[in-house]
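Note sheet for the following structure.
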Amino acid sequence: MSGTGTPSTPIQGHDPAGLRSFAVQLRRMNNEFNRIAHDFAQSQGLHLTDVQALIAILDADSDPDAEGEPMTPGRLRKQLNLTSGAVTACVDRLEKAGHIRRVRATGDRRVVHLEYAEGARAVARDYFGPLARSTDAARGRFSPGELAVIARFLTELNRELALLRGNSG
């Protein structure tokens, strides 16, 4: 969409704000994030799905659709589109590796919440510190107004991707 609310048309050649340029840059960024996540998974003896689960658990309280609810195995299953057995195996691996812990809900002991373990935060902070510094360096090259637009774009793109995921299953 352009600023006028009408769909933008990719233009052949150099078009830094065109759809094709966006797609290329997003794919490149996604590939780099995947490489970093894969390297982290290998360093921790985890599967890539385990890293996706860790991110979901870490970000659970930031999910606007969850209304502040803690992450549960059922919610994780839906979010990652996994079977119950696959989620159980994933949660078992993460707990055994010390990245998460299962906590029984106080109101209903049958409900299990998944929490990011404090020790795992230090491991992640150490491993992802260079990524955080690179992100901060890139952010430093933009004004607060530009960053607000970028954040709004990423929010809208994530919303569209969630809608797409919801319509494909």
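The values are calculated or read from the model by the stated rules, or taken from the named source; none is laboratory data. Fair warning: this is a prediction, and the values are worked out from it, not measured in the lab. All Cβ positions, even for glycine, are placed from backbone atoms using ideal geometry, and neighbour counts span all protein chains on display.
Miscellaneous remarks
- Enumeration of residues in the stretch 96-108 that are within 21 Å of the chain's Cα centre (by Cα) and within 15 Å of residue 41 (Cα to Cα): 97, 98, 99, 100
- Considering (1) part of a helix (DSSP H, G or I); (2) touching a strand residue (DSSP E or B) at 6+ places or on another chain (Cβ under 8 Å), the lone condition that residue 101 does not fulfil carries the number (1).
- Pairs are defined by a Cβ separation below 6 Å, a sequence spacing of at least 6 or placement on different chains, a first member in the stretch 118-134 that is within 16 Å of residue 58 (Cα to Cα), and a second member that is aromatic (Phe, Trp, Tyr); the pairs so defined are 127/40.
- Count of residues meeting criterion [in contact with a Lys or Arg (Cβ under 8 Å, 6 or more places away or on another chain) and of a type outside the set (D, E, K, R)] in the stretch 15-53: 2
- Residues within the stretch 78-95 that are in contact with a His (Cβ under 9 Å, 6 or more places away or on another chain) and either charged (D, E, K, R) or farther than 23 Å from residue 42 by Cβ (or both), tallied: 1
- The single condition from (1) out of contact with any Phe, Trp or Tyr (no Cβ under 9 Å at 6 or more places or on another chain); (2) hydroxyl-bearing (Ser, Thr, Tyr); (3) at pLDDT 90 or above that residue 127 fails is (1).
- Residue tally, condition aromatic (Phe, Trp, Tyr), farther than 18 Å from residue 52 by Cβ and assigned to a helix (DSSP H, G or I), over the stretch 107-154: 1
- Residue match in the stretch 66-83 (condition: in a helix (DSSP H, G or I), of a type in the set (Ser, Thr, Tyr) and at pLDDT 85 or above): no
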